[in-house]
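Below is one structure, written out as structure tokens; comments come after it.
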Amino acid sequence: MKNGLMLFLGLLAAMVIPWSAIVLGSAGELGHQAPYYDETDGVTYPLRQPGTATRGELVYRGLNCATCHTQQVRREEYGADVARGWGERQSVARDYVYRANPELGAFRIGPDLANLGGRKPTAPDTEDLYRLLYEGSGGMPSYAFLFDDRKIVGQRSDEALQLTGRHEAKPGYEIVPTAAARSLAAYLLSLNSTYAYPEAKPVVIKAGEGSK
């Protein structure tokens with residue numbers, strides 16, 4: 001009986017101690033990570049999201065966009081994310097300092113969005129996003145419910161979508177984004193992870209160091 005109890009406690013310790021070191025240790029280290037101050041620029045990175053983008057993140061989460069999109073760019077040797085133009089560098093923990101609930105995602109039915117607002121040279125603008133959200137594309141469904149189809153009274157709205165074909169508004173009507181659509185577009189355009197943090201730079205191993 002005594003030996004059985006000791007064996008159980010030994011197995012339990014063998015599982016709990018490594019788990020605590022890896023999971024709790026990493027959570028403690030990354031959970032207290034601070035923004036990075038660039039003395040040359042005089043700016044602290046990452047930049048805080050504006051209020052509209054913060055509200056847009058709630059819309060993003062409510063639509064469950066993380067089911068099909070990720071927000072994490074892999075290191076170049078682990079995938080073709082950088083080659084695809086999804087980011088200029090790998091994602092690091094500091095990218096998410098101001099995110100209470102980072103939308104990392106797990107599957108990529110659609111492209112990664114971690115750096116959507118900073119992509120070069122093809123970063124979308126607000127009109128591009130509105131059109132994509134309204135029309136859908138390929139495997140991406142339409143989110144037309146984020147827009148109002150309303151009768152034109154007086155002057156046409158500056159935000160009215162310029163659509164053609166089957167998506168075009170009926171004569172005398174216009175399709176305009178709701179507050180939810182505007183917030184979501186602001187959030188997506190705020191996703192800009194181009195700043196190169198020190199920890200994001202690849203480690204260069206000098207000749208001979210690998211054998212030490």
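The values are calculated or read from the model by the stated rules, or taken from the named source; none is laboratory data. Since the structure is predicted, the reported quantities are computational estimates derived from the model, not experimental observations. Here the Cβ is made from the backbone with ideal geometry for all residues, glycine too, and neighbour counts use every protein chain on show. Ligands, DNA and RNA are stripped out before the accessible areas are found, and what is left, the full protein with its side chains, is counted by its heavy atoms. Shrake-Rupley method; radii C 1.70, N 1.55, O 1.52, S 1.80 Å.
Restricting segment 196-211 to residues that are modelled with pLDDT of 90 or more and not in a helix (DSSP H, G or I) leaves a set whose member that is least open to solvent (accessible area, probe 1.4 Å) is Tyr197.
The sole residue among Arg131, Arg94, Arg89 that is more than 27 Å from Ala200 (Cα to Cα) and of a type in the set (D, E, K, R) is Arg131. Of all residues in segment 68-92, those that are touching a residue at least 60 places away in the same chain (Cβ under 8 Å) and buried (at least 16 other Cβ atoms within 10 Å of the Cβ) have Cβ atoms under 7 Å from Cβ atoms of residues that are assigned to a loop (DSSP other than H, G, I, E, B) and of a type in the set (Asp, Glu), 6 or more apart or on another chain, in Gln71/Glu103; Gln71/Asp112; Val73/Asp81; Val73/Asp112; Gly87/Asp81. Scanning segment 137-151 for any residue that is over 21 Å from the mean Cα position of the chain (by Cα), open to solvent by less than 60 Å² (accessible area, probe 1.4 Å) and modelled with pLDDT of 95 or more turns up at least one such residue.
Here Ala181 clears all of (1) within 19 Å of Arg84 (Cβ to Cβ); (2) in a helix (DSSP H, G or I); (3) in contact with a Phe, Trp or Tyr (Cβ under 7 Å, 6 or more places away or on another chain) except the condition numbered (1). Look at (1) assigned to a helix (DSSP H, G or I); (2) closer than 25 Å to Ser183 by Cα and you find that Ser91 fails only one, number (1). Taken residue by residue, segment 140-158 has no member that is hydroxyl-bearing (Ser, Thr, Tyr), closer than 16 Å to Cys65 by Cβ, in contact (Cβ under 8 Å) with a residue 24 or more places away in the chain and in contact with a strand residue (DSSP E or B) (Cβ under 6 Å, 6 or more places away or on another chain). Could you tell me whether segment 97-116 includes any residue that is outside any loop (DSSP other than H, G, I, E, B) and in contact (Cβ under 8 Å) with a residue 40 or more places away in the chain? Yes, the conditions are met somewhere in segment 97-116. Being at pLDDT 90 or above and charged (D, E, K, R) is the filter; apply it to segment 111-136 and report the residue that is least open to solvent (accessible area, probe 1.4 Å). Filtering first and then ranking leaves Asp112.
Every residue, every condition in (1) surrounded by 15 or more Cβ atoms within 10 Å (Cβ to Cβ); (2) not charged (D, E, K, R), yes or no:
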{"residue": "Gln155", "(1), (2)": "no, yes"}
{"residue": "Ala160", "(1), (2)": "yes, yes"}
{"residue": "Gly165", "(1), (2)": "no, yes"}
{"residue": "Lys170", "(1), (2)": "no, no"}
{"residue": "Ile175", "(1), (2)": "yes, yes"}
{"residue": "Ala179", "(1), (2)": "no, yes"}
{"residue": "Arg182", "(1), (2)": "yes, no"}
{"residue": "Leu188", "(1), (2)": "yes, yes"}
{"residue": "Asn192", "(1), (2)": "yes, yes"}
